[in-house]
There are 2 protein chains.
Amino acid sequence: MATIKDVAQRAGVAPSTVSYVLSGSRKISEDTRIAVRAAVEELGYHPRASARTLRSARSHVLALAVPRVPGKYRGTDGTFAIDISDAARGHGYDVVLITDLAGVAAMRRVAGSGMADAAVLMAVEEHDARAAALRETGFPAALLGRSEDAPGLPWVDLDWEAAVALALRETVAAGHRRIVFLSSAEHEISARRGYALHGLAGARLAARESTADIRIVPSSGEPEKLGRALREALAARPAPTALVVQHLILLPHLLDEIAAAGLRVPEDLAVVLVGSFPDDVGGRPLPRIELPVTEMSAAVVRLAVGAVGTDGSVPSGEQPPHRLIAPRMATGSAIRPPSEPSS
Amino acid sequence: MATIKDVAQRAGVAPSTVSYVLSGSRKISEDTRIAVRAAVEELGYHPRASARTLRSARSHVLALAVPRVPGKYRGTDGTFAIDISDAARGHGYDVVLITDLAGVAAMRRVAGSGMADAAVLMAVEEHDARAAALRETGFPAALLGRSEDAPGLPWVDLDWEAAVALALRETVAAGHRRIVFLSSAEHEISARRGYALHGLAGARLAARESTADIRIVPSSGEPEKLGRALREALAARPAPTALVVQHLILLPHLLDEIAAAGLRVPEDLAVVLVGSFPDDVGGRPLPRIELPVTEMSAAVVRLAVGAVGTDGSVPSGEQPPHRLIAPRMATGSAIRPPSEPSS
DNA sequence: ACACAATGTCGAATCGATTCGACGAATCGA
DNA sequence: TCGATTCGTCGAATCGATTCGACATTGTGT
């Protein structure tokens, strides 16, 4: 492996000169620059990351803390990881995955070993010990998803309240008068997850401002319970003509239940998804509010990179930097009006 | 941030002694060991990763090259990334994501900068330039998925031939006599992807050895084309009673088509999935052959870690280390026998 | 009592890049 | 022609941990 010395020797200059050519932090004559560049090319030289990091105290690495519920996966997480990595590369950063179940110990290791310059925390939980550990050490971090339990840390989130409200408004605008909103699962609501609470708030807002009949039904993580709640909601008379869904993990099961109830989508029942991404629908032409994964990833990386070199959080009382992303409908997914004019 | 010098000072010993206590590579008296341990604890000392790497030429990092089709995601990839990270931690390694679209340049950067000790390549494509670049530089690597285009590199794969054969055999054993096998998509087959070819081979094998009527139908990445192929296959008379599916990306659409044809699953048509993982079914009780993500991840990490310190590939002619994983049915998913006895 | 081995600890060199101060040569004004 | 600048390059110190050889100190055998 070629080192900076080899390059210097080959170019007939001092190692420091090579460094200056590469970093551009001092004026170097045209001739020398060309000679050094040639030597770099010929030897296929790459600076050793560890040496650079040791000297400069910058690793150009972001640590991405992925939430882990043992034995349970969410495709979304991996998608975010990929997009976050892409965004980080755009800022000259690499991303290392932190998937340890022992989140706190892992965060301490990251902060202590200097293996990363900042952290991105996905899906912050209610009493997130990881965030607390980071604040304690003053390690720079940014959150993907809001959390009242990590005050002072920069965050990014989809505006779930606006997203649900938008979905309901659009459904009403398409002509529907009796709409069921299937919220997040009960356990997510009682765990006070940000997306669950804000989504619910959006539904209440839309219900209040609209003359249409909007019923809010909590979803469930258990297929049977979900099925029961759904059947009950659809059995109301006059029958609802549209279903707006925020809880997408069991979407296939949901559609099975609808089919089992003898309803066709979208002729008998329009189905609108909130916060979904393409994988969710698997080729089905369902209208939906996009989960802007790429945009959220870019934003959270920008915040994390911006926090590098700072003490990681803002004094209590002040607003940390943040970004609340406006929802929008996925292109090419119109909501089907109800078949017979609602009375 | 505490350094080894601080710890040494506090414990009243030389820095080298601290190092020996931590690494255990030399005999140290009980007393000193206790004193050093205490100092480490009190200062919350963590060795600086960059210094360690610089000196020892080992980063204890694996680079995970994620396949990128721009704008296209596969939930599977993220799931593998998480499981690979878990497995790596078990060996004392961290995982950095390499998602660059310019795969070759990224591989060169990884190999040149010493930021990782070995690479794991996911879903190796037909003429994989990344693998070639790695072989060229002699960088240690292991592949997730077989590829004839990366000879000499260690690999891990599900035995897709056995998986498809097993699914068909089990379907026959459940009493089905007329079975449709929906293979990988045409473009995957013509791109000569390993899983597509081996799956097809498994179907042919099962068709040959069984007296049941097994029809092989190629799938498609385009929903409309897939729908046409499926309708045609189901229209055969006497009607098929079971559908074995390897191409899962459009599964929801597939099930819609079945429903649209007026068939109930599984009463009118048993559906069996090959190489799926829980996310695919979203709460549906479909029988399926598991995609052993965790097992594959553990195996590929073991190979990659084993390759650290070697020149990365095996002399041509010799077999590289590899692992072909035997398929098995997911628990709790029996295949429903056909409703009326087949004639 | 004396040579000699074993034990535990230390000092110094090393990994490779960055960066500050210094120094020789070229350039300028008077 | 001489002192003052400016320009381009160099040498050396530095980041923090590892590791080899050396050196006390204690223990063993005769």
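Our helix-only sum for chain A, with -39,500 (n - 2.57) per DSSP H run of n ≥ 4 divided by its residues, gives a mean residue ellipticity at 222 nm of -13000 deg cm²/dmol.
Sorted from shortest to longest, the distances between the B:S56 label points of this copy and the other copies are 2.5 nm, with each point 7 Å from Cα along the line through the beta carbon. Membrane-span-like helices in chain A (whole DSSP H runs, Cα extent of at least 18 Å along the helix axis, mean Kyte-Doolittle hydropathy of at least 1.0): A:293-307.
Remind me, relative contact order of segment B:4-47 in percent, using alpha carbon pairs under 8 angstrom and six or more residues apart? Provide the component values of the computation, followed by the final result.
On the way: 36 pairs, mean separation 18.9, N = 44.
Contact order relative to length: 43 percent.
On the basis of the beta-carbon distance and an R0 of 51 Å, B:A105 and B:D268 show a calculated FRET efficiency of 0.45.
What aspartates and glutamates does B:K225 reach when the alpha-carbon gap must be under 17 Å and sequence neighbours fewer than 8 apart in one chain are set aside? Within reach: B:E186, B:E188, B:D256, B:E257. Taking the Cα centre of segment A:4-47 as reference, the dipole from Cβ charges on Lys and Arg (+1) and Asp and Glu (-1) amounts to some 180 debye.
Taking a ≥ b ≥ c as the square roots of the eigenvalues of the Cα gyration tensor of segment A:160-290, is the shape rounded (a/c under 1.5), prolate (a/b larger than b/c) or oblate? Cα axes put segment A:160-290 in the rounded bin. Here is how far apart the A:E30 label points are across copies: 7.5 nm, shortest first, using a point 7 Å from Cα toward Cβ. In segment A:1-75, a dipole from Cβ-located charges (positive for Lys and Arg, negative for Asp and Glu) runs towards its positive end, and of A:I34, A:G12, A:Y45 it is A:Y45 whose Cα lies farthest in that direction.
Using only alpha carbons, segment A:117-202 has a radius of gyration to Kirkwood radius ratio (Rg to Rh) of 1.12. In segment A:227-281, the inverse of the mean reciprocal separation of distinct Cα atoms equals 11.6 Å; this is its Kirkwood hydrodynamic radius.
Counting only DSSP beta bridges whose two residues both lie in the protein assembly as shown, roughly 10 percent are antiparallel. FRET efficiency for the A:R237 to B:A14 pair, using the beta carbon distance and R₀ = 60 Å, is estimated at 0.10. Scanning chain A for the beta carbon that comes closest to the axis linking it by rotation to B yields A:G78, 0, distance in whole angstrom.
Between copies, B:Q9 shows label-point distances of 3.8 nm, shortest first, with the point placed 7 angstrom from Cα along Cα to C-beta. Ranking B:I4, B:I98 by solvent-accessible area of protein heavy atoms (1.4 Å probe, all protein chains present), from largest to smallest, gives B:I4, B:I98. If r is the Cβ-Cβ distance from B:I189 to A:A334 and R0 is 45 Å, what FRET efficiency results, to the nearest 0.05? Once the sixth-power term is evaluated, E becomes 0.80. Look at the dipole of segment B:160-290 built from charges on Cβ: of B:L263, B:A207, B:V164, the Cα furthest out on the positive end belongs to B:A207.
The values are calculated or read from the model by the stated rules, or taken from the named source; none is laboratory data. Predicted model only: the values in this text are computed from it and were never measured. Please note: Cβ atoms are built from the backbone with ideal geometry, for glycine as well, and neighbour counts cover all protein chains shown. Please note that ligands, DNA and RNA were not included when accessible areas were found on the heavy atoms of the full protein model with its side chains. Shrake-Rupley method; radii C 1.70, N 1.55, O 1.52, S 1.80 Å.
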